[in-house]
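The values are calculated or read from the model by the stated rules, or taken from the named source; none is laboratory data. These numbers were taken from a predicted model, which means no experiment stands behind them. Cβ: placed from backbone, ideal geometry, glycine included. Neighbour counts: every protein chain shown. Ligands, DNA and RNA are stripped out before the accessible areas are found, and what is left, the full protein with its side chains, is counted by its heavy atoms. Shrake-Rupley method; radii C 1.70, N 1.55, O 1.52, S 1.80 Å.
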Amino acid sequence: MGEVKLHGTWNSPYSWRVIWALKLKGIPYEYIEEDLRNKSSMLLQHNPVHKKIPVLVHDGKPICESMVILEYIEETWPQYPMLPTDPYEKAVARFWLRFAEDKIPMLWRIARTNGEEEKQAIKDASEMLKMIEEHGISEKFFGGQKIGLVDLALGAIAHWFVAIDSKKGLKMLEGHNFPRLHSWTKDFKEDPVIKENLPDLTPLLK
């Protein structure tokens, strides 16, 4: 199998995407917590271009960017497949992976803004969530009846955005607004592997 190491930070949804994938596939790994204010020489060596986490190191070879890492994990370890085998369904899944990569960052604007900027951020986030609600979820999970790569990619909604939503008192993800997303959030966080691997975000909400 080769030694597996993961450089990440405890509060990053991008790190946790990778952790969830490794856990679901039963891959043993060493986790290395990075201080982004004082990045380790190993992180800079493994990701000299962007100097960011997460970085997966497999058998001494670094893989950077969380979405690239997810696909690498999927292709390297076949147990618990997280992408469909049907070419069309796989293409649809990759569309939503790209959607997550492009759109999830807009959710963090709500936490960082106030006044008119916050109102615009909420409007933009609502439109994005509506797209997922109406066109993304067709079953219990995005990948069908079990968690797949798209669920992991959008997992930030289920935990990080729910925390922001609660702190701001927005109630955007309540059942009457987005019933499918609301149910998905509960199902995702109740999965035994996910439930055991969710960070406590309390320090971020103070």
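List of remarks:
- Links that overshoot a 30 Å alpha carbon limit, given the list Lys103/Lys189; Lys39/Lys90; Lys25/Lys61: Lys39/Lys90
- Per principal axis, descending, Cα span of segment 114-206 in whole Å: 40, 32, 21
- Hz values of 3J(HN,Hα) by residue in segment 149-163 - Karplus curve (6.51, -1.76, 1.60), Gly and Pro given as x: 4, 5, 4, 5, 5, 9, x, 4, 5, 5, 10, 5, 5, 4, 5
- Inter-site label distance for Ala91 and Leu205 at 7 Å from Cα along Cβ, in nm: 4.2
- Sulfur and carbon atoms: percent of accessible area, the chain [1.4 Å]: 53
- Solvent-accessible surface ranking, highest first, for Tyr31, Tyr72, Tyr88 at 1.4 angstrom: Tyr88, Tyr31, Tyr72
- Inverse mean reciprocal Cα-Cα distance (Kirkwood Rh) of segment 52-126, Å: 14.9
- Selection from Ser126, Val4, Gly60, by position along the positive dipole direction of the chain (Cβ): Ser126
- Beta-bridge orientation, the chain: approximately 70 percent antiparallel, per DSSP, counting only bridges with both partners inside.
- A 1.4 Å probe run over the protein chains yields, for the chain, 53 Å² of accessible area per residue, whole-number rounding.
- Per-residue SASA entry for Met42, accessible area with 1.4 Å probe, Å² rounded to 10: 80
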